[in-house]
Amino acid sequence: MALENRLDLRLSQKLVLTPQLQQAIKLLQLPQLELASVLNQELAENPFLEEVAEEPEMTAEAAISHEDEPPYTDADNDDGELSVENLTKFSVDDYFEERSSDGRDLGYFSSGLEERPSYELFYSQKPDMYSHLLWQLRLCSADDDIRRTAEVIIGNLDEDGYLRATDEELMKLSGTSVESIQRAVALVQGFDPPGIAAHDLKECLLLQVKALMLGGSLVEKIVANNLDDLQKHKYSQIARAYGLSTEEVMYAVRIIEDLDPRPATSLSSGETSYVAPDVSIVRTDDGYQIVLNDEGMPRLGLNSTYRQLLQKKENLTREERSFMREKLRLAVELIKSLDQRNRTIYKVSESILKFQQDFFDRGRECLKPLNLKDVAQDINMHESTISRVTSNKFLSCEHGVFSFRFFFSSALQSGNGEDVSSTSVKDLIKRIVAAENPVKPMSDKLIADKLGEHSIKIARRTVAKYREELKIPPQNMRKRYD
């Protein structure tokens, strides 16, 4: 068959994401903090957007009723002007006319409450690892070239306090010899905390043993020669190797367990990050109430001054009118997309509450199997939309703060024929292991038998799989000695 070039005209249908739909999808999958950042950026860039005062909380019925409102459309004027009547639902003119009559919203009157700074502003800054080591370096009496090399070494420590760079790499960075590198490393290893600037775990532990004045002891011998056996809890084998009793070995093991494999964690400068839940489900006398978290979220409205300016055609050039119409369109679409996002999150939360009613009533052990398709069919939305809503979002209730994905889990067949959530099974395995005798830990087979007492029949290999997902060590590594 000969190859030839030709032109064909074909008709086809395909889904095209409009800019409005792209913006709605983007806002839908943003978590709480990122959404607040995006809205603040839009407030700074779009003159038609402004932050309005807090409005009364919208009820569930009012939120759902907004779906029946006609969408915003551009007016069919000859000059392409926008119809302000279509935007009245975003107006705050009445509010400002009522509030500004006595100057209260113009900053002329104080609320009488003086805002005080947070106590967190008075906390002293905790020194990090690098500043702590540099402070000790400035106090030492080493030569200047060794001090400069030691400063390079401190700058190359990782967050755990280990020196991962090789001597060749340090030589290129500092421009010194191997001898100077080794002397500088020895200098830094003598600093506080013990074990700093070690190349590996063994060296880190040996440095700490040396700081405890236990050189030449059984503790040092076990760390230097039997670290793998120690990790596998082969205490009897270690005792036979040194001709000692198991009790003597266990005394040395307890000292080793008190050593810090990550010496720099106590000087970590990282701050604890807290999760801001997107939705709260509160138990009331009349049932459960779903509350969307809008703390720190700017409330958007349309600026009436710019809208009135847009109506005065004689004061604007064609380019200015075109620019302002585009900004007004973007502002309206952003407010509509944000409103659509809130309604969608509310609907998904309401559906999760319906499917997981037992969880909210009694706790984790009553979590039921659930997938995205069930929620999508319940609220008549696409499964991909549910996936975006539940991504990187959190829900708080009286049992704690959970990711939306926590409520979605696969089903396991129980002994009585009912489906059980795999999340509930994992939680039960965790509680069984926590309650076991550490001297005689349970095997995977015994854990499976224990689950059978709760009418949950699963295979031993399934228990091993869930145990590994929970990062629970196997039986031999959980064993402890008296």
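The values are calculated or read from the model by the stated rules, or taken from the named source; none is laboratory data. What you are looking at is a predicted structure, and each value in this text was computed from that prediction instead of being measured. Neighbour counts run over all protein chains shown; Cβ positions are idealised from the backbone, glycine included.
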Do we have any residue at all in segment 359-376 that's in a helix (DSSP H, G or I), assigned by TED's automatic domain parsing to the domain that holds residue 467, of a type outside the set (Gly, Ala, Ser) and touching a Leu at 6+ places or on another chain (Cβ under 9 Å)? no
Qualifying positions in segment 430-474 - surrounded by 14 or more Cβ atoms within 10 Å (Cβ to Cβ) and β-branched (Val, Ile, Thr): 432, 433, 447, 456, 458, 462, 463, 472
Reported set for segment 36-54 where residues are surrounded by 14 or more Cβ atoms within 10 Å (Cβ to Cβ) and modelled with pLDDT under 85 is 52
Looking at segment 393-402, which of the residues that are surrounded by fewer than 16 Cβ atoms within 10 Å (Cβ to Cβ) and touching a residue at least 12 places away in the same chain (Cβ under 8 Å) is nearest to residue 429 (Cα to Cα)? 399
Matching option when the condition is over 24 Å from the mean Cα position of the chain (by Cα) and farther than 19 Å from residue 387 by Cα, among 297, 324: 324
Could you check residue 417 against (1) modelled with pLDDT under 85; (2) outside any loop (DSSP other than H, G, I, E, B); (3) more than 34 Å from the chain's Cα centre (by Cα) and say which number it fails? (2)
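Restricting to strands (runs of 3 or more DSSP E) lying wholly in segment 266-344: which have 3 or more residues that are at pLDDT 80 or above and aliphatic (A, V, I, L, M)?
279-284, 287-292
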Any residue that is surrounded by fewer than 19 Cβ atoms within 10 Å (Cβ to Cβ), charged (D, E, K, R), free of Cβ contacts under 8 Å to residues at least 12 places away in the same chain and farther than 15 Å from residue 264 by Cβ - is there at least one of those in segment 173-182? yes
